[in-house]
Amino acid sequence: MFRVERLLPAPSPEPDLRVVARGPCESPPRAADARRGGSSSRPWVWLALIALSTAFSIALSTTARPHGAVFPPPPTGPTPGEVPAPTPPPARPSGPSAPSAPAAPLPGATGGTPASIPTGVRSPLAAISTGGALPLEPTSWELWWRYNRDAFLDVKARVESAGPATLGSASGAADEHVARGIEAVILALSREEQRDLVSSLLVALARSCDDAALARGPEITRLLGSFVADPDQEIGETAATALGILRHHAAIPDLAALLRDDEAGRKLTRGRVSTRTRAFAAYALGIAAARSEREDLRAFAGHHLQRALETSRSVASPDLAAACVIALGLVPMEPGDVVDLDGGVSIRGRAGGAKGAFPPRSRAARTDALVRYLEDSTQPEIARAHVPDALARLGVGADAELRAEIARVLASVLERQSREDAGVVRGAVLALGRLADADFDAADARMRATLKRALDASDAQARLFALVSLAQVAGRRGDSDDPRAVQSEVQSLLLERLARGKARERSWSAIALGILERGRAALQQDGSPAVRAALRRALTDASAPDQVGAIAIGIGLCADRTATKELLNKLEDVRDPVGRGHVATALGLLRAPEAVAPLRAILTKSRFQPELMRETAIALALLGDADLEATLLESLRNARSLASQAGSARALGFAGTLRSVDSLAKMLGDSSLTAGARAFSAVALGMVCDRERTPWNAFLSIGVNYPSAPPTLSDGSAGILDIL
């Protein structure tokens, strides 16, 4: 019989994971387990989960305990063929199972065949379509904007500044709101079985656990971990993702075990870990490391990701290899290669010159491993295409010598582009945009020259990426006292293409000019009147919705309030919902109060156009519309179609505050609503309770080489970036 006491152990000091394993933990069986013949009945599940949710209320009334456990440090010289690992946790309890037909697995699941494309709360990111239109072309600027918009829109900060009942207020009232949201999600998990709804609840629970709620992190870890073994592949991989979003130290060894597919990982899944789940575990480790301030957690994640990459060839999975590369790029490292080993021994800099001779766990050692992978043409292209970005991330904060070496490697990819895979070339162009700046040292001069040559690359996508990368570079001062010479050169290149380039090139140039102007503003420089005048002229002349949208976003990034009238005219003239949504976003970026009334009118009419509804809501949130939250709640409450539910929920998630928690929790528990409506309520609830100012998946999406995205990253329906 299931015992509540197992779920709620008495508080005790957190163990040192270098010395002992975690204590025995058993996961609460779910309603679906009981239905399949599990050992526990639904009433016991309810009692356990109610006890857990009550514990949250109690825990949140006091100061949260510090998270003091230490991860086992990776050995300085692992034995070939061995993967250092934490002590495996005990197996999840399971009763005798009644025969049942397992859910059809997604592509990549062990022993299965591809299932139909999931629908519902997984949302197309890479294959956007609206109103029956064809998916966007790979070279469309709108795809780049979808992946990178969170670098420019700080919606949550604007929403939090407009009202007191927000997570950012760090008040007791905010903690109580979050606690009630968590209670609602936990109770819903005890009774729901529908795929999309369960997946939404898992992500919502992880997103809702702010630092106060993480005082009960071990219990939440066990609850989320119990879903990893679900026979439905999507639920299992979403549970792994949720563990990464949670980022609690107790979840990280489990994610590493899933990634390794070792005995401990197979205990978690009650069988062999599918390749897809291993890839999702890799992403989750990267997300957890990116969101954590703990150096031991970051080092642990980085070690296991690098080891998995080195052994990925043995499973013949390019997707898994790509996931490891992408996730490894997310793992931060301390500036200057200062690494704490074995209780305080510090090392600095690079040692020796031979491959593999660098200090273990150092920035230089990781760089060396990635360079060797990049230069090995027998490795899968889809994985090698993401190595340049991982290298660029390592170059940011590196010493001058190592940064120059990374710059040389990236530039050499472009120099041999005729013999290199197109995906790798595109990745190098994006990586140079992340790493280079506007000063005049040799490394940066070479990187800028390489990007200018990339404007004439044979690959169209590489040429378009080069426009944006040059704009990003010109917005960084580096060691230069006066970056204006570089900025002027880049501005001239972009203005020329805005005026005389082909249609697609003009759109990308408009976006790039907006990024350049935004960079100037960040450096407290005056904007360029020539850039703003050129964009206003281009807006007046443009008629195609995608060009109007690109130029509008460029103007919004420039913060050119003098263009408000022209944008309002385009808002009225453009009928295409996607293009109109971009104009709305631009008006929000301008903080133009005269746009509130027309945007409200569009919001009330766009419930069957989810993209337009979301963009309009974001614009109104940026404008500080006081009535927006109530309007969106009412819209979600009354929505009947999947499209209107999706639009309302996502809009509310972006624009809502903790004042929405109680209404969303009530909807979540309303059995008279459809499973889809309850799922989207969970999506919105997780978004409004999220402790981060930017979405969790922004760590993966910003700057990613999306034309080479592996299916587990995004395929338009079943990737980690397709989870709302």
Could you say whether any residue in the range 214-221 is within 18 Å of the chain's Cα centre (by Cα) and in a helix (DSSP H, G or I)? no
Give the range 226-249 a look and list any residue that's of a type in the set (G, A, S) and crowded, with 24+ Cβ neighbours inside 10 Å, or say none. G236, A239, A240, A242, G244
When only residues in the range 468-509 that are of a type in the set (K, R) and in a helix (DSSP H, G or I) count, which is nearest to A538 (Cα to Cα)? R506
Residues satisfying the stated conditions in the range 655-669, i.e. in contact (Cβ under 8 Å) with a residue 40 or more places away in the chain, part of a helix (DSSP H, G or I) and among the polar types (S, T, N, Q): none
Residues within the range 516-571 that are among the hydrophobic types (A, V, I, L, M, F, W, C) and in contact with a Phe, Trp or Tyr (Cβ under 8 Å, 6 or more places away or on another chain), tallied: 3
Quick check on the range 539-561: of everything there that is part of a helix (DSSP H, G or I) and among the acidic types (D, E), which residue is nearest to V583 (Cα to Cα)? D546
Return yes when L724 is under 13 Å from the mean Cα position of the chain (by Cα), surrounded by 24 or more Cβ atoms within 10 Å (Cβ to Cβ) and touching a residue at least 24 places away in the same chain (Cβ under 8 Å) and no when it is not. yes
Mind checking whether some residue in the range 515-538 is at pLDDT 95 or above, buried (at least 22 other Cβ atoms within 10 Å of the Cβ) and not in a helix (DSSP H, G or I)? no
Counting just the residues of the range 703-721 that are part of a loop (DSSP other than H, G, I, E, B) and either free of Cβ contacts under 8 Å to residues at least 24 places away in the same chain or among the hydrophobic types (A, V, I, L, M, F, W, C) (or both), which one comes out surrounded by the most Cβ atoms within 10 Å (Cβ to Cβ)? L713
Exception for L685 within (1) without any contact (Cβ under 8 Å) to a residue 40 or more places away in the chain; (2) crowded, with 24+ Cβ neighbours inside 10 Å; (3) over 19 Å from L612 (Cα atoms) falls at (1)
Enumerate the pairs (first residue in the range 428-454 and surrounded by fewer than 17 Cβ atoms within 10 Å (Cβ to Cβ) and acidic (D, E); second residue anywhere and modelled with pLDDT of 95 or more and in a helix (DSSP H, G or I)) with beta-carbon separation below 9 Å, excluding pairs fewer than 6 apart on the same chain, so at least 6 apart or on different chains. D441/A404
Cβ pairs under 8 Å, 6+ apart or interchain, first in the range 626-654 and over 20 Å from D722 (Cβ atoms) and at pLDDT 80 or above, second of a type in the set (V, I, T) and part of a helix (DSSP H, G or I), ordered by first then second residue, are T631/T604
Of all residues in the range 635-692, count the ones that are among the β-branched types (V, I, T) and touching an Asp or Glu at 6+ places or on another chain (Cβ under 8 Å). 1
Does A229 qualify as being part of a loop (DSSP other than H, G, I, E, B) and in contact with a Lys or Arg (Cβ under 7 Å, 6 or more places away or on another chain)? yes
Hey, can you tell me all the residues within the range 140-174 that are in a loop (DSSP other than H, G, I, E, B) and at pLDDT below 65? G163, P164, A165, T166, A170, S171
Flag for T221 being polar (S, T, N, Q) and under 25 Å from T311 (Cα atoms): no
Being in a helix (DSSP H, G or I) and either hydroxyl-bearing (S, T, Y) or out of contact with any Gly (no Cβ under 9 Å at 6 or more places or on another chain) (or both) is the filter here; which residues of the range 420-442 pass it? A422, G423, V424, V425, R426, G427, A428, V429, L432, A442
List, please: which pairs have Cβ atoms under 6 Å, are six or more places apart or on different chains, and start with a residue in the range 526-552 that is over 17 Å from L467 (Cα atoms) and end with one that is assigned to a loop (DSSP other than H, G, I, E, B) and β-branched (V, I, T)? P545/V574; V548/V574
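The values are calculated or read from the model by the stated rules, or taken from the named source; none is laboratory data. What you are looking at is a predicted structure, and each value in this text was computed from that prediction instead of being measured. FYI the Cβ positions are ideal-geometry reconstructions off the backbone, even for glycines, and counts take in every protein chain you see.
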